[in-house]
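Trainee: One structure, pasted below without further comment.
Just so it is clear, none of the values below were taken in a lab; they were calculated from the coordinates. All of these numbers come straight from a predicted model, not from anything done at the bench. Cβ sites come from the backbone with ideal geometry, for glycine too, and all protein chains shown count toward neighbours.
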Amino acid sequence: MKNINPEIGIHEGVPSTEYHSWNALSSTWLKTWIASSAAHANTDVVDPEKPAFRLGTAVHARLLEPQAYHDLIAVAPQCDRRTTSGKELWASFLTGVNGRTIIDEEMQNTVDGIRRVVESMSSCRETLASCQDRELSLVAEVNGVLGKARLDAYDADIGLILDVKTTSVRVPEFARQAFNLNYALQMAWYRAVAQASGLQVNRCGILICETVAPFGCQVAMLKNSVIDYADSAVASGCAAWSECQRTGVFPMYEDKVIELDMPEWATRQIEGAVNV
């Protein structure tokens, strides 16, 4: 539940749970709003217990905060919790978790695999190393509304925002999916909040990390023209958020009957089958 009104500024060392409690417009709200509706954006809650979320949290911690990894992540022991000894081992493990994100050994192997690949590739390793500012939580006014953004990594020297993304698909497929997942809108929002916070932003990139062996990783820079194009969606989203906050009403879909047309990809697929 977002119920804390944050102070405008650049905040370092803020736990993710605290950041998510801040009552301000976020990229998550914007992405859900544009993909569905304000009602969905207002009720969309991330489940931190989902395996994919826990794995993503661990990868972020390993790459962005390696010195604090064991303070943030707890690796569960392999045990049969149906047996007496397994129950005792599990209970002993839980007493030492202290709020850390729990992952299993298989997830830990994935985290280690991703780390090795990132460190072995100079483009990934050097881009990440150049971003000395990690997990920056920003709060600023954008288009007349209070907004927040949490930057995974930032290079102040060249004005680069770098976001770490884990994916179960291969990098080439992820690059195509990035636009369907509204990452351009996310980066446009990050840039807007960062610039409103006084940070220089010249480029925005994504460190893509595959979660399936061989754990391929690659840095992908979004063209500024793509992010510029998403600025109009940011402005519209800010207006929608402002109206929702003013009225307390979060609209769903328009109350009308719609028609479904065949998308271009389906048309090409059918035409290809006919021409075989």
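Trainee: List the number of the failed condition for F93; all other conditions in (1) farther than 16 Å from V164 by Cβ; (2) in contact with a strand residue (DSSP E or B) (Cβ under 7 Å, 6 or more places away or on another chain) hold.
Mentor: (2)
Residue-by-condition table, conditions (1) more than 21 Å from N143 (Cβ to Cβ); (2) surrounded by 12 or more Cβ atoms within 10 Å (Cβ to Cβ); (3) in contact with a strand residue (DSSP E or B) (Cβ under 8 Å, 6 or more places away or on another chain):
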residue	(1), (2), (3)
P214	yes, no, no
A220	yes, yes, yes
S232	no, no, no
C238	no, yes, yes
V257	yes, no, no
T267	yes, no, no
E271	yes, no, no
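Trainee: Given the conditions (1) more than 30 Å from R116 (Cβ to Cβ); (2) assigned to a strand (DSSP E or B), and given that A233 satisfies all but one, which numbered condition is not satisfied?
Mentor: Checking A233 against (1) more than 30 Å from R116 (Cβ to Cβ); (2) assigned to a strand (DSSP E or B), the one that fails is (2).
Trainee: Kindly indicate whether R170 is farther than 25 Å from P6 by Cα, surrounded by fewer than 16 Cβ atoms within 10 Å (Cβ to Cβ), of a type in the set (D, E, K, R) and in contact (Cβ under 8 Å) with a residue 24 or more places away in the chain.
Mentor: Answer is yes for this residue.
Trainee: Against the conditions (1) in contact (Cβ under 8 Å) with a residue 40 or more places away in the chain; (2) more than 30 Å from D155 (Cα to Cα), where does R203 fall short? Just the number, please.
Mentor: Single failed check for R203: (2).
Trainee: Continuing with the same structure: Any idea which of S27, S37, S85 is among the polar types (S, T, N, Q) and touching a strand residue (DSSP E or B) at 6+ places or on another chain (Cβ under 7 Å)?
Mentor: Residue meeting the stated conditions: S27.
Trainee: Sticking with this structure for a sec: Identify all residues within region 112-144 that are surrounded by fewer than 17 Cβ atoms within 10 Å (Cβ to Cβ) and over 22 Å from T211 (Cα atoms); write none if there are none.
Mentor: S130, Q132, D133, E141, G144
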